[in-house]
Amino acid sequence: MDLKWYLVKTKPLNESRIYTRLTEAGFESIYPKIIKKIKGKGRLEERPLFPTYLFVRFAMEQLRTVRYTRGVARVVSFGPEPQEVDSSIVEAVRARMNEEGIVELVKKTVTWKRGERIKIGEGPFAGIDAIFVEELPDRERVVLLLDAVSSFRVTLNKEVIEG
């Protein structure tokens, strides 16, 4: 059998159950998780890195078994055939996982100085130049000053900033 990696979409909040079912059925599966701080609660919780998705390795002859596993919504396809996931992508995800399947997300450190001109790379402000004001305490967002008709402040996730 020619085993290949595919992306399986689960029904909401069923990733863990489906992972267990498929693993117990003999399928190689990957269920990457992250530790996320719950806002307002102050506690940490395990969450899927890719909510409602699992990587599963199987042969096309086994498609029916995977597709009809209780809790599976579908196998991601483009057209009639399921879309294969390149093994290099799976290995890159696997390399970032620890023994418990937890992926440690690396937060982007702020290297900008107050008053520095930067370019926004994603989102509704993509391509706009702005002036860096400050990093917020959650360390995920920054405050920028946009030069439009008149200057105004905006708060964005750090990931949307280029360079």
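The values are calculated or read from the model by the stated rules, or taken from the named source; none is laboratory data. Since the model is a prediction, treat every value here as computed from it, not as a measurement. Positions of Cβ are generated from backbone atoms using ideal geometry, with glycine treated the same way; all protein chains shown enter the neighbour counts.
With respect to the conditions (1) modelled with pLDDT of 90 or more; (2) touching a Gly at 6+ places or on another chain (Cβ under 8 Å), residue 61 lacks only one, and its number is (2).
Answer with yes or no whether residue 29 is hydroxyl-bearing (Ser, Thr, Tyr) and either within 30 Å of residue 158 (Cα to Cα) or in contact (Cβ under 8 Å) with a residue 24 or more places away in the chain (or both). Considered against the rule, which asks whether it is hydroxyl-bearing (Ser, Thr, Tyr) and either within 30 Å of residue 158 (Cα to Cα) or in contact (Cβ under 8 Å) with a residue 24 or more places away in the chain (or both), residue 29 comes out as yes.
Among residues belonging to the range 36-67 that are in contact (Cβ under 8 Å) with a residue 24 or more places away in the chain and part of a strand (DSSP E or B), point out the one that is farthest from residue 21 (Cα to Cα). Break it down stepwise before answering.
We begin by selecting, within the range 36-67, every residue in contact (Cβ under 8 Å) with a residue 24 or more places away in the chain; these are 46, 48-49, 51-62, 65-66.
When the remaining residues are screened for being part of a strand (DSSP E or B), the result is 46, 48, 53-58.
On the way: 46: 19, 48: 17, 53: 14, 54: 12, 55: 13, 56: 12, 57: 14, 58: 14 Å.
My answer is 46.
Taken together, 90, 110, 85 contain a single residue that is surrounded by fewer than 16 Cβ atoms within 10 Å (Cβ to Cβ) and hydrophobic (A, V, I, L, M, F, W, C), which is 110. Can you find, within the range 68-114, the residue that is farthest from residue 20 (Cα to Cα) among those that are part of a loop (DSSP other than H, G, I, E, B) and small (Gly, Ala, Ser)? Looking at the filtered set, the residue picked out is 79.
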